[in-house]
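The values are calculated or read from the model by the stated rules, or taken from the named source; none is laboratory data. Keep in mind the model is a prediction, meaning the values are calculated, not measured. Every residue, glycine as well, gets a Cβ built from its backbone with ideal geometry; the counts of neighbours run over all protein chains shown.
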Amino acid sequence: MSPVDPDLLSIEHLSVVIRRPGREVAALSDVSLRVGRGEVVGLVGESGGGKSMVARSIVGLLPGGSHATGAVRFEGDDVLRMDDDALRRHRGHGAAICFQNPRGALSPTRTVGRQLTDRLTTHQRLTEAEARRAAEEQFAAVGIRSPRRRLGAYPHELSGGMAQRVMISLATGCAPGLLIADEPTTGLDVTLTREILRRFRHAADTDGRGVLLISHDLASIADVCDRVVVLYAGTVVESGPAARVLGRPAHPYTRALLRSVPDVDGRAVVATPGAMPLLKAAPHDCPFAPRCAHATAECTAERPPVSRVPGAADDWTLACFHPRTDELAFAEPAETPGRATAAERAVLEVDDAHVVYRSRFGKGGHAALRGVSLRVAAGETLGVVGESGCGKSTLAKLLLGLVSPARGDVRVAGSRMSDLRGGELRRLRTRVQMVFQDPIGSLSPRRTVADAIAEPLRALGLPAARRAERVEAVADRLKIDRSMLARRPHELSGGQAQRVCVARALAGEPDVLVFDEPTSALDVTVQAQILEVIADVVRDPARGSVFISHDLATVRGFADRVIVLYLGRIVEEGPVDEVFGNPRHPYTRALLSSAPSLGDGFSGPKVTLTEDLDDTDAAAPGCPLAARCPFADDRCRTEEQELRPYGNTRAACRRVPEIPDLLKGSDIRV
Amino acid sequence: MSETVVVGAARVGRFATVLIVTGSAILAVVALAAIFAPLFTGWGPTEIDPLGTLVPPGPGHPLGTDANGMDVWSRLLYAGRLDLGIAVAGVAVAVVAGTALGLVAGYLGGWVDDVLMRVVDIFQAFPTFILALAVAALVGNGTGNLIAVIAAVNAPAYARLVRAEVRTVRESAFVAASVTSGASTSGVLWRHVLPNSLTPVRVIAPLNAGWAMLTLAGLSFLGLGVTVPAAEWGAMISLGSPDVVAGRWWTSVPPGLVLLICVLGFSLLGEGLQERAEAKRR
């Protein structure tokens, strides 16, 4: 049975049905894929598609109640049918997993060094001293600076990127043949994402490991993968060389996925209606057919077999009766109406706002915003971008009056928030409404949808009958089915819940809408749907909007103007096309350079920053970016930088005029 | 090759239901027996049989009589009214008062929280039963006072429990969403924070009712709770305790067993609710 040189991993016709009392889910239906040594395979698709189930089956961790058929062959042995001893050896040496949430997957009460040496002593049978030495090498290998010191750190002392590096060192520590990474970069900044993904490529290239990279983020993994497998509703719909599958996909679902991803080059997102079904039994038709524009009677009559893509020479396969072979067409860049803003009525003004989070004990505190000024006119959308820790969320809280500025002030529709108390403050608060990142978490679990949407109306003192009327009107506008109004949040999908949140924000006809990463918790095709909804909503001429995101591509599609935040300061501000097309500040350029893209991406000369955000000292004098900026000189390290006008943008960098020359001299490619 | 591999059977979700149904059934039987006591016995709870004291179980008295010549079976039935009534009412008052305190302390924080929690600390610094003894000695017995005692010794625990939960809930996005919608503090508390902070209370309250019955019985045993001739299981055990040595088990063992069964019923109910809450969280 065992071939001479089997693939490292070969999953053959794997089907998993999870049976629990009152619930049956066909998690995987006839999935076949393989990973060779030294190969990086991307497993992509939306949540619920079965990505994690594949990962779990490889390490023998299928959830209770699973009924599996087929085989998961690892170096010829079937993982599904291993006994406990074999499975233990397999998990140590054979395959190792990097989990999505590294800080959650690290034990909080043990130092990270101890967690690594523990593994080394049990699986590699090293002595304590050898293990420590090996651990230090491992840490250095994944790019952890001063590894000896970090060995003694506890997980909570590490930043997200550092914790993910530790997680990778834990997974690679025992030299597994196969490394599985389950959404390893979700929640990390763009600059870190590239770096972490490169580690996996490195593991495949230098150590000859197989890597299975699970991700919903197509743009990020496009560069590092050799091959890509696309899952939909537990079935493999397309699989083949990464460049081909992501460059010129043949399956309508892969095409829908790609078209749903916003890109920094500004092309418009095309939404695909509907959502992925949760199957109760293995499908007998094409599961994508109900959402597919090319579906025919054939598609709903039987399940399309896996076949070679017509005209493709290599192992490019798909499961579709109507493969697409034409060029993947994208919509033209969305036209951002050039609205004259200066003369219009300002609905939101922030003037030199400082926010300091005081520590509960002792003096001092953390300055989250250091002198931010901005202005949003009616009908205008302001984009706010920056890495985590730059003050984006604090800015959102400030606009909503959830934190008060230590200095400076916030005016909404002309009234200063800090002047008001009690009922007046509450009424002013209804003028600014926010759409939160986590749609389900921002709805009270025990309240119905109708109740949630009516919340701002209740604050305005509307009688119940008027409230109900208004709720229905808003629900209709956002295409929320009337039958959904009586449901509770746990019965909603992420996309439906976010629609409800947008409806709630709109219900009281506010002057300002704040979107705080409204799509980052959603699946790709759902994200595109919500972006369409938001695009429609921000077009209202009476309202100003603030769109906060770490994802530059998303911001580009909407905003009229953009501000770039870095460590609580605005480093660049200007019209969206200008900032994205001709960034003045090195930081903006670096952000754009590392933004993942499936299209042309950022076309100008690229720049990489030298250090992680968490290693820089925010309190140091001079330009806050100086420690990371490749163009910093001595004056940058000592002089405060103020926003100065360059063309029609403003940037907080004194060297802007010199940068084009500097870039020519040293085109720092990423 | 194509045979099915089954991974460990999923934990049966009906376990919680079994616990809840069993616990409720036990309590329902005891409560109904107490409410409809006259249907099951010809004797009144304080009626004295002139023909004899300490009569062993037999045809006239299914569980015999006690030292005062009162029918043990009938007292056993009637006692449920006081025992269940005081325990449940006491815990109910404790839940309401404790939840209100915890809600305010947890949501407002700051000095309000500090003051309220220090008061709670003082109450919790004493062992529950010693505190109950002291309060009972202070206010005297009587049904209302005993309910107050049970409430006073149990409310602090709820205050702490709810406060901890509220401190988590108030940080959640839906509370921020409500505040930014212009809702008033009381509106946020009542509509969003309170309903989402009650899960642990629902689990603890039934268990607590069981402990409250033990506290009540203990007080009565020591003469600080319900006193003879009123029918109460703790008082019955107290009265009958000297008889056990003489081999007359029927005066004190039955009330002890009923007490045990009731506490068991409350525990099963609480366990079941906890299982269900955990199953939901998964």
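Couple of notes before you dig in:
- Residue check for A:Arg34: over 28 Å from A:Gly161 (Cβ atoms), among the basic types (Lys, Arg) and crowded, with 17+ Cβ neighbours inside 10 Å: yes
- Comparison of B:Val18, B:Val5, B:Val96 shows that the only residue that is more than 14 Å from chain A (Cβ to nearest Cβ) and of a type in the set (Val, Ile, Thr) is B:Val96.
- Hits in the stretch A:448-457 - residues which are more than 7 Å from chain B (Cβ to nearest Cβ) and not small (Gly, Ala, Ser): A:Thr448, A:Val449, A:Asp451, A:Ile453, A:Leu457
- Within the stretch B:195-238, being assigned to a loop (DSSP other than H, G, I, E, B) and in contact with a Pro (Cβ under 9 Å, 6 or more places away or on another chain) holds for B:Pro195, B:Asn196, B:Pro229, B:Ala230, B:Ala231, B:Glu232.
- Yes/no for A:Val412 being surrounded by 21 or more Cβ atoms within 10 Å (Cβ to Cβ), within 27 Å of A:His550 (Cβ to Cβ) and within 9 Å of chain B (Cβ to nearest Cβ): no
- Exclusive hit being within 18 Å of A:Ala163 (Cα to Cα) and hydroxyl-bearing (Ser, Thr, Tyr), set A:Thr191, A:Thr235, A:Thr206: A:Thr191
- Members of the stretch B:173-197 that are facing chain A (nearest Cβ under 7 Å), within 36 Å of the chain's Cα centre (by Cα) and of a type in the set (S, T, N, Q): B:Ser178, B:Ser184, B:Asn196
- Residue satisfying all of: in the stretch A:293-303; in a loop (DSSP other than H, G, I, E, B) and either of a type in the set (D, E, K, R) or modelled with pLDDT of 90 or more (or both); surrounded by the fewest Cβ atoms within 10 Å (Cβ to Cβ) among these: A:Glu302
- A:Glu424 being farther than 26 Å from A:Asp551 by Cα, of a type in the set (Asp, Glu), at the interface with chain B (Cβ under 9 Å from one of its Cβ atoms) and part of a helix (DSSP H, G or I): no
- Any hit, the stretch A:102-117, residues being farther than 29 Å from A:Ser146 by Cα, buried (at least 17 other Cβ atoms within 10 Å of the Cβ) and more than 14 Å from chain B (Cβ to nearest Cβ): no
- Qualifying position, being within 12 Å of chain B (Cβ to nearest Cβ), small (Gly, Ala, Ser), under 18 Å from A:Leu257 (Cα atoms) and within 22 Å of the chain's Cα centre (by Cα), among A:Ala521, A:Ala528: A:Ala521
- From the options A:Val40, A:Val54, A:Val35, A:Val142, residue that is among the β-branched types (Val, Ile, Thr) and at pLDDT below 90: A:Val142
- Meets criteria (assigned to a helix (DSSP H, G or I) and within 27 Å of A:Val385 (Cβ to Cβ)) for A:Gln164: yes
- Test result for A:Arg103, closer than 29 Å to A:Leu158 by Cβ and of a type in the set (Lys, Arg): yes
- Only one of A:Ala368, A:Ala396 that is in contact (Cβ under 8 Å) with a residue 12 or more places away in the chain, within 14 Å of another protein chain (Cβ to nearest Cβ), closer than 29 Å to B:Trp111 by Cα and not basic (Lys, Arg): A:Ala396
- Across the stretch A:154-185, the number of residues qualifying as buried (at least 21 other Cβ atoms within 10 Å of the Cβ) and within 22 Å of A:Gly38 (Cβ to Cβ) comes to 16.
- Some residue of the stretch B:44-64 being assigned to a helix (DSSP H, G or I) and within 24 Å of B:Asn145 (Cβ to Cβ): no
- Residue that is more than 21 Å from the chain's Cα centre (by Cα), surrounded by 19 or more Cβ atoms within 10 Å (Cβ to Cβ) and not small (Gly, Ala, Ser), where the choices are A:Leu197, A:Leu188, A:Leu213, A:Leu151: A:Leu151
For (1) within 32 Å of the chain's Cα centre (by Cα); (2) in contact (Cβ under 8 Å) with a residue 60 or more places away in the chain; (3) under 22 Å from A:Leu231 (Cα atoms), each residue gets a yes or a no:
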{"site": "A:Ser52", "(1), (2), (3)": "yes, yes, yes"}
{"site": "A:Pro63", "(1), (2), (3)": "yes, no, yes"}
{"site": "A:Ala68", "(1), (2), (3)": "yes, no, yes"}
{"site": "A:Gly76", "(1), (2), (3)": "no, yes, no"}
{"site": "A:Asp85", "(1), (2), (3)": "no, no, no"}
{"site": "A:Gly94", "(1), (2), (3)": "yes, yes, no"}
{"site": "A:Ile97", "(1), (2), (3)": "yes, yes, yes"}
{"site": "A:Leu126", "(1), (2), (3)": "no, no, no"}
{"site": "A:Ala141", "(1), (2), (3)": "yes, no, no"}
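- For the condition surrounded by 13 or more Cβ atoms within 10 Å (Cβ to Cβ) and more than 14 Å from chain A (Cβ to nearest Cβ), B:Val115 does not qualify.
- Number of positions in the stretch A:429-446 that are touching a residue at least 24 places away in the same chain (Cβ under 8 Å), of a type outside the set (A, V, I, L, M, F, W, C) and facing another protein chain (nearest Cβ under 7 Å): 8
- Of all residues in the stretch B:173-214 being polar (S, T, N, Q) and buried (at least 19 other Cβ atoms within 10 Å of the Cβ), the one that is nearest to B:Ala89 (Cα to Cα): B:Asn208
- Within the set B:Ala212, B:Ala277, the sole residue that is within 14 Å of another protein chain (Cβ to nearest Cβ) and either under 25 Å from B:Tyr78 (Cβ atoms) or out of contact with any His (no Cβ under 6 Å at 6 or more places or on another chain) (or both) turns out to be B:Ala277.
- Taking the conditions (1) farther than 17 Å from A:Asp438 by Cα; (2) of a type in the set (Val, Ile, Thr); (3) out of contact with any Lys or Arg (no Cβ under 9 Å at 6 or more places or on another chain); (4) within 14 Å of chain B (Cβ to nearest Cβ) in turn, A:Val512 satisfies each one other than (3).
- Annotation: of all residues in the stretch A:67-83 being in a helix (DSSP H, G or I) and surrounded by 16 or more Cβ atoms within 10 Å (Cβ to Cβ), the one that is farthest from the other protein chains (Cβ to nearest Cβ) is A:Val79.
- Filter pass, A:Leu278 being crowded, with 20+ Cβ neighbours inside 10 Å and in contact (Cβ under 8 Å) with a residue 40 or more places away in the chain: no
- Check on B:Arg170, among the basic types (Lys, Arg), within 14 Å of another protein chain (Cβ to nearest Cβ), buried (at least 20 other Cβ atoms within 10 Å of the Cβ) and in contact (Cβ under 8 Å) with a residue 12 or more places away in the chain: yes
- When B:Leu161 is tested against the conditions (1) over 19 Å from B:Val203 (Cβ atoms); (2) more than 14 Å from every other protein chain (Cβ to nearest Cβ), the lone failure is (1).
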